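Please treat every number below as a calculation from the coordinates, not as lab data. These figures come from a predicted structure and were not determined experimentally. Don't worry about glycine lacking a Cβ; one is built from the backbone with ideal geometry, like all the others, and counts go over all protein chains shown.
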Amino acid sequence: MKMQDSLLLAGFLFDQRRVGIEELCALWEKEFGESLALFSSKLCPMKKYYSKEMLQADEDLSHLQRFWIVGKKKVQREALIASKKWALQKEEVLGGGRGQRFLNIDTGLITPENLILATIKNFTHRIYLGEQIFADLTLVFEKKSYRALEWTYPDYQAPEAVEFFNWCRQYLLTCSQS
């Protein structure tokens with residue numbers, strides 16, 4: 001495999017009353033090109049965690065929505081840093097620059113061997129990449145499927161999400177052979 005054999009991924013968790021999937025997809029595609037696929041999940045264990053900063057105390061969690069989008073073209077793995085910087089900037093701009101958070105964007109890479117997310121938060125299992133960005137090994141590919149690690153966020157280990165990531169990996173392998 002060549003080091004450019006990866007696909008760029010973004011996971012969006014957002015308050016649907018303030019921004020829509022169409023707008024977020026358009027922002028993504030303007031920056032990173034045509035998308036291969038979009039996957040939306042009703043199962044979103046992280047809603048409760050993010051509700052503290054995205055919703056008022058008494059609001060219904062159903063306002064928060066989750067989806068993932070994957071770029072169609074292969075990218076160099078170094079693209080992870082720029083993608084996270086883009087995500088942080090979009091979170092700030094769409095929040096009105098006043099610290100109002102109603103959008104979380106996780107960017108990452110789908111590779112033949114793993115799924116890696118970018119983060120600005122250091123932790124024992126995260127590797128510093130530069131420019132204040134760390135790599136978080138989120139899923140590893142073993143025994144014909146991605147599998148979660150003890151620190152993998154619940155949204156990323158949901159069976160339907162893993163199935164989607166496996167499908168994207170298969171696309172990556174297929175287009176790598178052509």
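Amide H contacts under 5 Å for S6: V75, restricted to partners 5 or more places along the chain or on a different chain, H placed in the peptide plane at 1.01 Å from N. Remark: segment 7-16, residue by residue, has Karplus-estimated 3J(HN,Hα) of 10, 7, 10, 9, x, 10, 10, 8, 8, 5 Hz, where x stands for each Gly or Pro and the curve is 6.51 cos²θ - 1.76 cosθ + 1.60 at θ = phi - 60°.
Taking the number of Cβ atoms within 10 Å of each Cβ as an exposure proxy, the fewest-first ranking of Y128, Y171 is Y128, Y171. Counted by neighbouring Cβ atoms within 10 Å, the residues L149, L103 run from fewest to most as L149, L103. Under a 5 Å amide H cut-off, with hydrogens placed 1.01 Å from N, Y153 pairs with nothing among residues at least 5 apart or on other chains. Taking other C-beta atoms within 10 Å as the exposure proxy, R147, R66, R18 rank R147, R18, R66 from fewest upward. 3J(HN,Hα) couplings calculated from phi for segment 64-77 with the Karplus curve 6.51 cos²θ - 1.76 cosθ + 1.60 (θ = phi - 60°) are, in sequence order, 8, 10, 10, 8, 10, 10, 10, x, 7, 8, 5, 10, 5, 5 Hz; Gly and Pro show x.
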